[in-house]
Amino acid sequence: MCRAHATVRELLGALVSESQELTVVDLEAGLENFSRGTPRHVDTLLIVLEPYYKSLETGRRISELAQELKIRRVLGVANKIRSAADESAIREFAGAHQIEMAAFVPMDDAILNADGSGASPVDEAPNSPAVQAVLRLAAQL
């Protein structure tokens with residue numbers, strides 16, 4: 001097993017078992033972390049789904065691997081939603097693959113603008129639709 005993945009997996013396990021604090025970890029996109037069991041100790045996993053075939057298929061596989069790792073709570077977060085058709089496609093896909101959806105984050109130029117200026121979207125554009133969607137998700141969690 002890759003030493004880096006083993007280290008992160010054990011660190012996550014220690015954080016979850018010893019801490020009463022909320023810990024948020026942004027794992028590298030893709031399947032490698034899951035095939036190596038890196039997130040096995042988490043209690044909630046957010047799968048980011050974008051309205052593209054490869055993203056949806058990766059999300060489906062991550063959902064399956066999360067079940068194998070016995071992660072208690074797996075939720076989908078739709079990202080970069082440009083239209084009602086995008087939202088509908090993700091809802092249909094998630095329903096067909098038993099992925100419970102937690103949030104729909106719209107495509108939002110305010111995020112791109114904040115990133116371009118090196119600012120936090122929450123600070124730069126707190127009322128933007130994407131920021132508001134993420135804040136609602138955070139409150140829900």
TODO: Determine the order of L135, L75 by accessible area, beginning with the largest, at a probe radius of 1.4 Å.
DONE: L135, L75
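Taking a quarter of the surface of the Cα convex hull of the stretch 44-107, what do you get in nm²?
Averaging across all directions leaves 3.7 nm² for the Cα convex hull.
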Open item on the list: Test of understanding: what is the full-extension gain from D123 to S83, defined as 0.36 nm times their sequence separation minus their Cα-Cα distance?
Closed with: 11.8 nm
Open item on the list: Give me the one-decimal nm value for the distance between modelled label points at D43 and A139, 7 Å along each residue's Cα-to-Cβ direction.
Closed with: 2.3 nm
Task: Summed residue charge, Cβ within 12 Å of M107's Cβ, Lys/Arg positive, Asp/Glu negative - done: -3
TODO: Set the Förster radius R0 to 30 Å, insert the Cβ-Cβ distance between E64 and N113 as r into 1/(1 + (r/R0)^6), and round the FRET efficiency to 0.05.
DONE: 0.25
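The values are calculated or read from the model by the stated rules, or taken from the named source; none is laboratory data. Model, not experiment: these values are computed from the prediction. All Cβ positions, glycine included, derive from the backbone under ideal geometry; neighbour counts span all protein chains shown. For accessibility, only protein heavy atoms count, side chains too; no ligands or nucleic acids. Shrake-Rupley method; radii C 1.70, N 1.55, O 1.52, S 1.80 Å.
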